[in-house]
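A.B. asks: This is the structure I want to talk about, given as structure tokens.
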Amino acid sequence: MFNDLAMKIYKLSTQGYCCTQIMLKLALDEENKGNQDLIKSANGFCKGLGGRQGICGVLSGGIMILSLYAGKGSDGEYSHNNYGSMVNEFIDWFEDEFCSLECIDIIGVNSFEENNNSYMLKCGNILVKSYEKVVDILNENDYEFGYRED
């Protein structure tokens, strides 16, 4: 049975968003914010970094969420002290959990056909687990997920 998160992911995938975009949309929705430019720019990470089945888009999206909370965003600002350790924790967990960082290894799709998003069914569980892990990492590092400083 679908939980609420899985249902949101399914709905976003049927609207044509890729894994990276879904990760970011979920985080922004939690904050009741939108950022069309951010979502549009994340399209370049779809289907394994530019559609080349390289670094998984879920991984990229998770790192981008961590960056929203602890990364550098303006002149005179610096990444938070725990930023690197949070990113490394997520990458290490991801590789342990899914046995690779590469899209092709994780879902086993050899090619993505235009307008065919059937591969998204394989990614649903990866999205749920990864999103929950990112939230856990943020909470463990004293960030209140859904509320961040602009």
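We did not get these values from a lab; they are worked out from the coordinates using the rules stated. Predicted model, so just to flag it, every value in this text is computed and none were measured. Cβ atoms come from the backbone with ideal geometry, glycine included; neighbour counts cover every protein chain shown.
A.B. asks: Which of the trypsin sites (Lys or Arg not before Pro) across the stretch 1-69 are loop residues per DSSP, with 14 or fewer other Cβ within 10 Å? Intermediate results must be reported in sequence, preceding the final value.
C.D. replies: On the way: sites: LYS8, LYS11, LYS25, LYS33, LYS40, LYS47, ARG52; in loops: LYS33, LYS47, ARG52.
Answer in residue order: LYS33, ARG52.
A.B. asks: Taking a 21 Å limit on the Cα-Cα distance, which of the listed pairs LYS8/LYS122; LYS40/LYS133; LYS40/LYS122; LYS8/LYS133; LYS25/LYS133; LYS8/LYS72 fall beyond it?
C.D. replies: Working: LYS8/LYS122 15 Å; LYS40/LYS133 24 Å; LYS40/LYS122 23 Å; LYS8/LYS133 17 Å; LYS25/LYS133 16 Å; LYS8/LYS72 29 Å.
Over 21 Å Cα-Cα: LYS40/LYS133; LYS40/LYS122; LYS8/LYS72.
A.B. asks: Using only the alpha-carbon atoms of the chain, report the extent along each of the three principal axes, biggest first, to the nearest angstrom.
C.D. replies: 43, 34, 30
A.B. asks: Arranged by the count of other C-beta atoms within 10 angstrom, fewest first, what order do GLU149, GLU89, GLU97 take?
C.D. replies: Details: GLU149 6, GLU89 18, GLU97 13.
Ranking GLU149, GLU89, GLU97 by Cβ neighbours within 10 Å, fewest first, gives GLU149, GLU97, GLU89.
A.B. asks: Before anything else, pin down the relative contact order of the chain: Cα pairs under 8 Å, at least 6 apart, normalised by residue count, whole percent.
C.D. replies: About 27 percent, as a whole number.
A.B. asks: With +1 on each Lys and Arg Cβ and -1 on each Asp and Glu Cβ, and nothing else charged, work out how big the dipole of the chain is about its Cα centre, in Debye to the nearest 20.
C.D. replies: That gives a dipole near 640 debye.
A.B. asks: Further, regarding this structure: To the nearest 10 degrees, how steep is helix 83-98 against the longest Cα principal axis of the chain, on a 0 to 90 scale?
C.D. replies: Approximately 20 degrees, to the nearest 10.
A.B. asks: What do you get for the angle between helix 19-30 and the principal long axis of the chain? Use alpha-carbon atoms, 0 to 90 degrees, nearest ten.
C.D. replies: Between the helix axis and the principal axis of the chain, the angle is about 40 degrees.
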